[in-house]
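Reviewing the structure listed below.
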Amino acid sequence: MKKIFTFLVLSYLAFSLSAQTIVNRNADIDKMVKSVNPDSLKAYITKMVAFGTRSTISDTKSKTKGIGAARNWVVSKFAQFAKSGDGRLTAFLDTTTIKADGKRVDKPINLGNAVAILKGTDANDKRVFVVSGHLDSRVTDVMNRVSDAPGANDDGSGVAGVIEAARIMSQYKFPATIIFVAVSGEEQSLLGSGFMAAKAKKEGWDIEAMLNNDMIGSNNASETQIIDNTKLRVFSEGLPSFELDKNAKNIRQFGLENDGKSRQLARYVKETGERYVDQLEIKLIYRNDRFLRGGDHTPFVENGFSAVRLTEMNENFEHQHQDLRTENGVKYGDLIEFMDFEYLRKNTAVNIAVLANLAKAPSMPTEVKVDVKNLSNSTYLYWKHQLTERLKATTF
């Protein structure tokens, strides 16, 4: 009996040590993750829904209704968080004029992205990490600018996650810079994200990762009605849409069809998210987005940046792009009553875990070279670290 007891104790200790090794969490980041508050997320979405519609082509002048009031409120939340920091967080509305296109913009509009920048503490670290959600909402007719379009999940959930991430992460310091943004114009053909991605490319921002959150707060599909808040999808592109022709030869030669920058970022999201967030499985979907559809990460991918889409496991089309109504006993519309705030908490926590780990980590190596002089079972890799400018080598 004593031997059996000793064996059980040793087995338990071994399991405990193994578990500690597997779940190796940075203490500060773990604290950030655990600070995500589902009640705060609900409060943010309740406020956004109260603006009636957040259609990109809706009123920009009213202080209580429409996209203008909504984006100003998001900026005010960012500014509120900035007051309790040490001056590194700045908030502003980044605007541009969009001309009528005869498709989804019927007359010139003032487009505005609500932005908060958490400046990195290392002046030599130029890296930028972006997390986004889209503030605009819609009903069945994308050109309907007046009917109520609550947009609780699409994409109040993504914006709420961004706001909560800004609230928590603004209290910590990171060597690299993090940008929190609620873009407008997603439903009008990715206008806000296109505006930001083009600016980033033109101005030479060193964006190493962009996380786009679009619909991360509902836990069931319209077809099955099976409730499951334990899975999150991450969409990523394997081949670079940016300058593919220039890279095609190397991709084929080295078999890199499944190793694009965005695909590698998606793998990092899975590894890091599952390490820090309990009872959540991250499913990697090997395409840029859902069939025949798109999201705000796409303009960043097209401009050569690493970008992925985080989205719920099952979409409910009764609550997406729908006029508010009840038909045959079915309630249609993107209403807050259909949200799962515990699920949204977990998905928001994934973003924070990934962003914090990336922003705290060293920058990517540069001038990477492979020693191919000799054939062997060991491979020598050489690279120059961007910050230290020292040559290093390793062997596998």
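Okay, here's what the table says:
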item	result
Candidate set: the stretch 140-163, residues that are assigned to a helix (DSSP H, G or I) and either within 17 Å of THR64 (Cα to Cα) or of a type in the set (Gly, Ala, Ser) (or both); chosen: the one farthest from the chain's Cα centre (by Cα)	GLY156
Residue check, THR298 among the hydroxyl-bearing types (Ser, Thr, Tyr) and under 17 Å from the mean Cα position of the chain (by Cα)	yes
Hits in the stretch 171-188 (condition: more than 14 Å from the chain's Cα centre (by Cα) and either crowded, with 22+ Cβ neighbours inside 10 Å or of a type in the set (Asp, Glu) (or both))	PHE174, ALA176, THR177, SER184, GLY185, GLU186, GLU187, GLN188
Residue that is surrounded by the fewest Cβ atoms within 10 Å (Cβ to Cβ), among those in the stretch 191-230 that are of a type in the set (A, V, I, L, M, F, W, C) and touching a Ser or Thr at 6+ places or on another chain (Cβ under 6 Å)	PHE195
Only one of ASP340, ASP334 that is out of contact with any Lys or Arg (no Cβ under 7 Å at 6 or more places or on another chain), buried (at least 24 other Cβ atoms within 10 Å of the Cβ) and under 17 Å from ILE216 (Cβ atoms)	ASP334
Within the stretch 280-304, considering residues that are within 18 Å of ARG267 (Cα to Cα) and of a type in the set (Asp, Glu), the one least open to solvent (accessible area, probe 1.4 Å)	ASP289
Selection within the stretch 234-287 - among the small types (Gly, Ala, Ser), over 30 Å from SER35 (Cβ atoms) and at pLDDT 80 or above	GLY238, ALA248, GLY255, GLY260
Conditions (1) more than 21 Å from GLU271 (Cβ to Cβ); (2) of a type outside the set (Lys, Arg); (3) in a strand (DSSP E or B): number failed by THR311	(1)
Subset of the stretch 343-387 that is in contact with a strand residue (DSSP E or B) (Cβ under 6 Å, 6 or more places away or on another chain) and among the aromatic types (Phe, Trp, Tyr) - its residue that is least open to solvent (accessible area, probe 1.4 Å)	TRP383
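The values are calculated or read from the model by the stated rules, or taken from the named source; none is laboratory data. Just so it is clear, the structure is predicted and the values come from calculations on it, not from any experiment. A quick note on method: Cβ atoms are made from the backbone with ideal geometry, for glycine too, and the neighbour counts reach across all protein chains shown. Calculation scope for accessible area: heavy atoms of the full protein, side chains included, ligands and nucleic acids excluded. Shrake-Rupley method; radii C 1.70, N 1.55, O 1.52, S 1.80 Å.
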